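Let me begin by presenting the structure, written as structure tokens, before commenting on it.
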Amino acid sequence: MASAGLPRSARLGYGIGSFCSGTFSTVPGLLLLYYLTNVLAVPAAVAGFVVFLPKVWDLVVNPLVGRLSDRTASRRPWLLAGAAALPPAFVLTFAGPPLRGGAAALYVGVLFLLAATAYALFEVPYKAMPAEMTDDYHQQSSLLTWRMGFLGGAILLSGGLAPAMVNWRGGAASVQGYRLMGLFIGAVLLVSMLATHRGTARAPRIARAAADASSLRRQLAAARGHRSFLVLLALSSVQMLGAGIMLAGAPYFATYVLGGSGAVTTLFLALVGPLVFTMPLWVRLSQRMDKRGAMVLASALFLAGGLALSLTPLFGAGYAHLCVLVIGVGYAGVQLLQLSMLADTLIADTLSSGARRAGLFTGLWTAAETVTFGFGALVLGWMLGLAGFVSAGPDEVAAQPGLAIDTVVVGASVVPAALMAVAIGLTLRYDLTATRIAELRDAAAVPSPARADLGASPPRGGA
């Protein structure tokens, strides 16, 4: 886990921020759709829109935050702004208002939109920081191993405790349980965000290029011309869509396939536990196979586990947990490698363009990530709606038609596996490797009129 040139305090300070990233990306994705359909009596298709539509706003706000953070001397004040706004918006989202149906959908939609905006203030600058702490190809993976270790801990804490707290106070359809969970998770968000702001105060920063002063339209055009970034963005979006569908389906899978909502916690632990324990392994694999080869392997494990999970009705709960454990090992690799490869594309862009645009690129990345992840809930909501899923109010248990239960199985297993197959094909088109980064660094050391065009040219073959 050592990273020459990066002190432990910098790695620790940066890594703590993953408690915010992991918690906010996990808890709404795991519980919000179920909260709407089974507590607030919102129809499944409408609930899917409520979860998804605030994410569309990310397409606007994330690139804007990224561009503005590029123009500030430090990205740290943005972390503090997010810390002031996100926790209260999250708590109010799960406050369990005395509303049902359409009125409840409107309330949750507005609060979740505010929460998504506040999250962008923190997450976009946060993701841009690694490329400004080190530009070494393998140090990126080592630094991000620390982040992923904290991310795994955050997901284990939030994803394991949040459903447990909901069930502890009256079951998965209890308003009181969701209120308690919201207060607890809001406190976790606040503490982690403030700790990151303080912990990165002395983080090293490599020499940075001047912020790109061109218009937002021209900067977006430059991003569209960055082939490596676009390929990575596409494969990551497909992976996040699959993960979003699977995560949104977990409470339904536990309730209607395994026979009890309490299994959400154990399924989730099986999914995210490998984030903590397999990170060093994925770093070594990325060095031996290069990051592209390791990403193919990680996606293949996720795919195999997803297909096997579809057989749960035949083999039972123990078998399901083993399948999810395999998925979790693959998901750990996907998470680490996505972020490490993103840092590589940011470095490549700075070397080839001579401009500071990391915030813009991470804004686009975070927008695509949150939109596709949220779209997973929308897709699942559509599927359940078409299958005749019956929504219910608090403390009610509605009988479901057989088609709805079959849809839960397919949505939580086969559909995510199919999306991972698409992601493997996209990964094979990504070729920004260690060799290519070295070539760009050598070219950047030699002034040339053609250097500004390198970022838009297709990367040459690498290691």
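Scan segment 111-133 residue by residue and report those that are surrounded by fewer than 24 Cβ atoms within 10 Å (Cβ to Cβ) and over 30 Å from A95 (Cα atoms).
E132, M133
Right, V42: outside any helix (DSSP H, G or I) and more than 23 Å from T278 (Cα to Cα) or not?
Working: outside any helix (DSSP H, G or I): yes; more than 23 Å from T278 (Cα to Cα): yes.
It is true that V42 is outside any helix (DSSP H, G or I) and more than 23 Å from T278 (Cα to Cα).
May I ask you to list the residues in segment 283-311 that are over 20 Å from L235 (Cβ atoms), part of a helix (DSSP H, G or I) and at pLDDT 95 or above?
Result: A308, L309.
Need pairs with beta-carbon distance below 6 Å; first residue of a type outside the set (K, R) and within segment 87-115, second in a loop (DSSP other than H, G, I, E, B); sequence gap 6+ or separate chains.
G101/A41; A104/L40; A104/V42; A105/V42; Y107/P97; Y107/L99
Can you tell me which residue is nearest to L267 (Cα to Cα) among those in segment 392-419 that are open to solvent by 30 Å² or more (accessible area, probe 1.4 Å) and within 20 Å of the chain's Cα centre (by Cα)?
V415
When you scan segment 284-324, how many residues do you find that are hydroxyl-bearing (S, T, Y), closer than 16 Å to A254 by Cα and open to solvent by less than 40 Å² (accessible area, probe 1.4 Å)?
2
To keep it simple, each residue is scored yes or no on (1) in contact with a Phe, Trp or Tyr (Cβ under 8 Å, 6 or more places away or on another chain); (2) open to solvent by 40 Å² or more (accessible area, probe 1.4 Å); (3) part of a helix (DSSP H, G or I).
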position	(1), (2), (3)
S9	no, yes, yes
G13	no, no, yes
G29	yes, no, yes
Y35	yes, no, yes
V51	yes, no, yes
K55	yes, no, yes
A84	no, yes, yes
L92	no, yes, yes
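Going by the conditions given, is V422 modelled with pLDDT under 90, aliphatic (A, V, I, L, M) and open to solvent by 50 Å² or more (accessible area, probe 1.4 Å)?
Values: modelled with pLDDT under 90: no; aliphatic (A, V, I, L, M): yes; open to solvent by 50 Å² or more (accessible area, probe 1.4 Å): yes.
Spelling it out, it is not the case that V422 is modelled with pLDDT under 90, aliphatic (A, V, I, L, M) and open to solvent by 50 Å² or more (accessible area, probe 1.4 Å).
The values are calculated or read from the model by the stated rules, or taken from the named source; none is laboratory data. Please read all numbers here as calculations on a predicted model, not as lab measurements. Methodologically, a virtual Cβ is constructed for each residue, glycine included, from the backbone with ideal geometry; neighbour enumeration extends over all protein chains shown. Surface areas here come from the heavy atoms of the whole protein model, side chains and all, with no ligands, DNA or RNA. Shrake-Rupley method; radii C 1.70, N 1.55, O 1.52, S 1.80 Å.
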